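The values are calculated or read from the model by the stated rules, or taken from the named source; none is laboratory data. Treat the numbers as computed from the prediction; the structure is a model and nothing was measured. Don't worry about glycine lacking a Cβ; one is built from the backbone with ideal geometry, like all the others, and counts go over all protein chains shown. These accessible areas exclude ligands, DNA and RNA; they are computed on the full protein's heavy atoms, side chains included. Shrake-Rupley method; radii C 1.70, N 1.55, O 1.52, S 1.80 Å.
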Amino acid sequence: QVQLVESGGGLVQAGESLTLSCTATGATIPINGMGWYRQIPGKEREMVARITDAGTTNYAHSVRGRFTIARDSGKNTVLLQMNNLKPDDTAVYYCYALPHWGTWGQGTQVSVSS
């Protein structure tokens, strides 16, 4: 069964940067797409960024131009470079790995102060 481990979160001030990392292990079916969601308490989880096996990327409108997703397919790792962070980016960030949709890691907390 695939396991996802996210890391890299923290507390930063607005305008600063963070890089999140997620590694998938234990997959018996090859992983193709990977991506990131985030969740604020009391709200639904929302897609932040995703990348296909071919390298095609897609971003939420709110992070476009500030966040960059990258993939190391050989290591089943996905990174999320987050620049110019805003207080609205505060959330727990989770990664996913296809085709293992529905499996989530423990998440990593990102807190941005104004």
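Enter the accessible area per residue of the chain (Å², integer; probe 1.4 Å; all protein chains in place). The answer is 53 Å² per residue. Taking the Cα centre of segment 38-101 as origin and assigning +1 to Lys and Arg Cβ atoms and -1 to Asp and Glu Cβ atoms, the resulting dipole is close to 60 debye. Within the accessible surface of the chain, defined with a 1.4 Å probe on protein heavy atoms only, the carbon and sulfur portion equals 50 percent. For segment 9-114, applying the loop criterion from DSSP together with a ceiling of 10 other beta carbons within 10 Å to the GluC sites (Glu not before Pro) yields E44. Between A60 and I29, the simple label model (points 7 Å from Cα in the Cβ direction) yields a spacing of 2.6 nm. Considering only K75, K43, K86, the mean-square fluctuation computed in a Gaussian network model of the chain, springs between alpha carbons under 10 angstrom, is largest for K43. Of the chymotrypsin sites (Phe, Trp or Tyr not before Pro) found in segment 56-114, those that fall in a DSSP loop while having at most 13 other beta-carbon atoms within 10 Å are W101. Across the alpha-carbon set of the chain, the Rg to Rh ratio works out to 0.95, Rh being the Kirkwood radius. Hey, could you get me the Stokes-Einstein D for segment 1-63, Kirkwood radius over alpha-carbon pairs, 25 °C and 0.890 mPa s, rounded to whole µm² s⁻¹? Rounded, D is 178 µm²/s. Our estimate of slack between E16 and T103, defined as 0.36 nm per intervening residue step minus the Cα-Cα distance, is 28.3 nm.
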